[in-house]
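A.B. asks: The structure is given below, and queries will be raised subsequently.
The values are calculated or read from the model by the stated rules, or taken from the named source; none is laboratory data. Please read all numbers here as calculations on a predicted model, not as lab measurements. Cβ placement follows ideal geometry from the backbone for every residue including glycine, while neighbour counts extend to all protein chains displayed. Keep in mind that these areas ignore ligands, DNA and RNA; they rest on the heavy atoms of the full protein, side chains included. Shrake-Rupley method; radii C 1.70, N 1.55, O 1.52, S 1.80 Å.
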Amino acid sequence: MAVPLRPWWQDALVYQVYLRSFADANGDGVGDLTGITSRLDHLASLGVDALWLNPCYPSPQRDHGYDVADYFDIHDEYGTLATFDALVAAAAARGIRVLMDLVPSHCSSEHRWFQEAITSPPGSAARARFYFRDGKGEDGSLPPNNWQAAFGGSAWTRLNDDPADGQWYLGTFTPHQPDFDHTDDDVRQLFVDVFEFWFDRGVEGFRVDAVAPTGKHPDLPDQPPVDPDVDVLDITWLNPHTVFRPEGHDVWRDFRSTLDAYEQRHPERELMMVAEAYAVRRPELVRRFTRPDEFHQMFTFDLMLSPWEKTSIERALLDPLELLGDTGVVPAWTLNNHDIQRVVTRLGRADAHLPESWTNNNLASSRADVDHALGARRARAMAALVFALPGSLYLYQGEELGLPEVLGMPDDRRTDPIFALTNGIFEGRDGCRVPLPWTLDPATSFGFSTLPPDAERATLEEPWLPQPSNWGDHSVASEEARPESMLHLYRDLADLRKKYATSQPLATRSIDLGPDVVGVVRGDLVVVVNATGRPAIIDVDHPALVGRRVVLSTCPESDAGTDVVAPDSTVWYVA
Ligand code: NOJ
């Protein structure tokens, strides 16, 4: 068998499927696995190499699957192990691999082990799988330390007020997501079994959730005081006793050795793990997580959190490209995911061009006015940049349709725990998770819901989150019919990426092609981004551009010549 030059995941195009909102094949208003299988041709039309499924394990859905009640089965609203196997087989038939989401930092409070822990005495083996501690104060009524939960409130929950057993347990995200203690042997073995179970079913790798807070200081000391101006949702991430701890790396090394051992037994497989953590402008962290015995990749959120402004974009490229040059670790770019305001809305915000807007605080939850048309132009240009870059690229469903964030959802329809736990101060993430529009037909929730021929129900249920009335304008059917749509751009970019980008060497650098533009060279490919609202003149006599021709402009209707790049647009030049 010929040895591939690079492992498949190094330059893969991966499509993130937020299962609950992708396609509902049984009419209950909630997406399901059969829905995905029925829509695989859409993924194939984008040339994707793999799909990443958000968690589909049994779960009370308090954090939409990031509260896992059983790591070895499928959530009943989504299907069964048999429908999962059918999806993996149908995807494989189209050359699409399946990645799953692994949630090791915590489980659901409904997980069998947690239920066992709360009915077992303090000090028992059942409690040792989690962080149970006595409270402070005479009657133990004060939490064991001052840690705050990532989604608001204390990170500690007391079981009851009984002085004999009023222990507290730790939940870094919410009280419904108790943290595992990975120094416990049962916990370590659990994840060995989880890997093997899903690899045996044909899964090719995992996106690993919440790696930052996995691993704790053994003494669980108080978090040092934080500036009173820090947002409640940021406090946890500044806690040095639970974020990016050395103890976490023991867990990742165990995971990697399980994966490597499996691969050794199955040499035809090429498995991978990508770490989910926000390490923007902290390349030393990416280095640590991508050591040869840890993760294969770590998400590169730098462009996702970058303002639409030349120096910020250049800054976002700098660390990942330097790291690639130094260590060979390829970036895993993304512009969207299910936790962040959608790019069209983000880049259409009145503050999106300000260099100081780079923190996720602002760009993930800015409430500045939105100009959607401007946001869409910038999103097109940003996409054309990221498709050219070395590394893999993770698309989030609906990005290819240019879906905006759904703003102003009625409060009684919001389901994100962030909304409830911050008493509505933060809207939460429902707005980027609204069910996809496939057609123009409002009677089927724009094609999201269908009824199978043998359906038990006679009518379709409302989708679990409300869709705006104009959602059909962004549907696949509507965009198919419009050559200038985001969908056509994404399909073109996917083709061009294969033709002109992934065939190039990985080494990529910024070049100076003029004061207003970002210039990037990768072998024979030159990409120029004009992140201003004015046409930009570029230096066409620059040696990198001489003899090059334009193969793509994200603003094709503009009358820009080869020495002028239209406002808020990107151009690809090839030899
Ligand atoms: C990160 C996931 O992407 C997010 O959706 C989830 O709420 C948290 N981790 C907790 O698991």
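A.B. asks: Taking the stretch 447-468 on its own, how many of its residues are within 27 Å of the chain's Cα centre (by Cα) and open to solvent by 90 Å² or more (accessible area, probe 1.4 Å)?
C.D. replies: 1
A.B. asks: While we're looking at this one, here's another question. State all residues of the stretch 156-203 that are open to solvent by 10 Å² or more (accessible area, probe 1.4 Å), away from the ligand (no atom under 16 Å from the Cβ), touching a residue at least 40 places away in the same chain (Cβ under 8 Å) and not in a helix (DSSP H, G or I); if no residue qualifies, say none.
C.D. replies: The answer is L159, D165, Q167, Y169, D181, T183, D184, R201, G202.
A.B. asks: How many residues are open to solvent by less than 50 Å² (accessible area, probe 1.4 Å) and not in a loop (DSSP other than H, G, I, E, B) when one looks only at the stretch 119-153?
C.D. replies: Within the stretch 119-153, residues that are open to solvent by less than 50 Å² (accessible area, probe 1.4 Å) and not in a loop (DSSP other than H, G, I, E, B) number 5.
A.B. asks: Condition first: more than 20 Å from L401 (Cα to Cα), touching a residue at least 60 places away in the same chain (Cβ under 8 Å) and charged (D, E, K, R). Can you find one or more residues in the stretch 552-575 that meet it?
C.D. replies: no
A.B. asks: Inside the stretch 264-281, can you point out the residues that are over 11 Å from G205 (Cα atoms) and away from the ligand (no atom under 16 Å from the Cβ)?
C.D. replies: Within the stretch 264-281, Q264, R265, H266, P267, E268, R281 qualify.
A.B. asks: In the stretch 12-56, what residues are among the acidic types (D, E), touching a Gly at 6+ places or on another chain (Cβ under 7 Å) and touching a residue at least 60 places away in the same chain (Cβ under 8 Å)?
C.D. replies: Residues of the stretch 12-56 among the acidic types (D, E): 24, 28, 32, 41, 49.
Of the ones still in play, those that are also touching a Gly at 6+ places or on another chain (Cβ under 7 Å) are 24, 32.
Listed by number, the list holds a single entry, D24.
A.B. asks: Can I ask one more? Give the number of residues within the stretch 24-58 that are within 16 Å of the ligand (Cβ to nearest atom), open to solvent by less than 10 Å² (accessible area, probe 1.4 Å) and part of a loop (DSSP other than H, G, I, E, B).
C.D. replies: The number of residues fulfilling the criteria is 5.
A.B. asks: For the stretch 308-331, state whether one or more residues are in contact (Cβ under 8 Å) with a residue 40 or more places away in the chain, in contact with a helix residue (DSSP H, G or I) (Cβ under 8 Å, 6 or more places away or on another chain) and within 16 Å of the ligand (Cβ to nearest atom).
C.D. replies: No: the stretch 308-331 contains no residue that is in contact (Cβ under 8 Å) with a residue 40 or more places away in the chain, in contact with a helix residue (DSSP H, G or I) (Cβ under 8 Å, 6 or more places away or on another chain) and within 16 Å of the ligand (Cβ to nearest atom).
A.B. asks: If you don't mind, another one. Considering each residue of the stretch 206-220, count those that are touching a helix residue (DSSP H, G or I) at 6+ places or on another chain (Cβ under 7 Å) and away from the ligand (no atom under 13 Å from the Cβ), and give that number.
C.D. replies: Final tally of qualifying residues: 2.
A.B. asks: Looking only at the stretch 372-422, count how many residues are open to solvent by 20 Å² or more (accessible area, probe 1.4 Å), over 19 Å from the mean Cα position of the chain (by Cα), touching a residue at least 12 places away in the same chain (Cβ under 8 Å) and within 16 Å of the ligand (Cβ to nearest atom).
C.D. replies: Total meeting the criteria: 2.
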